[in-house]
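Peer 1: Input: one structure, supplied below.
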Amino acid sequence: PGWKDVTKRNEAAWILNFITNTDAMLNVDPKAQAQLEICLVRMPNQSLTDQEAFSLYEFMRKNDGIK
């Protein structure tokens with residue numbers, strides 16, 4: 001799905017969990033599974049540290065909705 005309003009559509013904890021535990025989220029989380037049905041491509045596990053994931057989240061939050 002698009003990134004527009006991603007930090008408004010999802011809580012920070014959910015986004016960070018999805019970034020750091022991609023495979024587990026895709027296996028058990030209904031919201032992640034629904035996105036997979038739309039995109040048809042599994043997000044690869046990036047093996048990010050918690051700090052790297054938080055930095056990515058902050059980037060998304062600061063740029064959310066910017067064209």
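Peer 1: Here is a check on your reading of the model: is residue 7 touching a residue at least 40 places away in the same chain (Cβ under 8 Å) and polar (S, T, N, Q)?
Peer 2: Yes; evaluated as a whole, the condition is true for this residue.
Peer 1: Let me ask another. Filter segment 11-21 for residues that are among the polar types (S, T, N, Q) and either in a helix (DSSP H, G or I) or touching a Lys or Arg at 6+ places or on another chain (Cβ under 8 Å) (or both); which is most open to solvent (accessible area, probe 1.4 Å)?
Peer 2: 17
Peer 1: While we're looking at this one, here's another question. Of the conditions (1) open to solvent by less than 60 Å² (accessible area, probe 1.4 Å); (2) at pLDDT below 90; (3) not in a helix (DSSP H, G or I), residue 48 satisfies every one except a single condition; which number is it?
Peer 2: So residue 48 meets the others, but not (2).
Peer 1: Are any residues in segment 51-67 open to solvent by 100 Å² or more (accessible area, probe 1.4 Å) and touching a residue at least 12 places away in the same chain (Cβ under 8 Å), and if so, which ones?
Peer 2: 61
Peer 1: Oh, and also: Quick check on my filter: what residues within segment 32-45 are aliphatic (A, V, I, L, M), assigned to a helix (DSSP H, G or I) and open to solvent by 60 Å² or more (accessible area, probe 1.4 Å)? Show your work before the answer.
Peer 2: Filtering segment 32-45 for residues aliphatic (A, V, I, L, M) gives 32, 34, 36, 38, 40-41, 43.
This time we only want the ones that are assigned to a helix (DSSP H, G or I), so: 32, 34, 36, 38.
Matches in segment 32-45: 38 only.
Peer 1: Which condition breaks for residue 24 when tested against (1) in a helix (DSSP H, G or I); (2) touching a residue at least 12 places away in the same chain (Cβ under 8 Å); (3) surrounded by 11 or more Cβ atoms within 10 Å (Cβ to Cβ)?
Peer 2: Status for residue 24: all satisfied but (2).
Peer 1: Identify the residue in segment 1-10 that is outside any helix (DSSP H, G or I) and not hydrophobic (A, V, I, L, M, F, W, C) and, among all such residues, is least open to solvent (accessible area, probe 1.4 Å).
Peer 2: Per the stated criteria, the residue is 10.
The values are calculated or read from the model by the stated rules, or taken from the named source; none is laboratory data. Quantities reported herein were computed from a predicted structural model and do not represent experimental measurements. Positions of Cβ are generated from backbone atoms using ideal geometry, with glycine treated the same way; all protein chains shown enter the neighbour counts. Ligands, DNA and RNA are stripped out before the accessible areas are found, and what is left, the full protein with its side chains, is counted by its heavy atoms. Shrake-Rupley method; radii C 1.70, N 1.55, O 1.52, S 1.80 Å.
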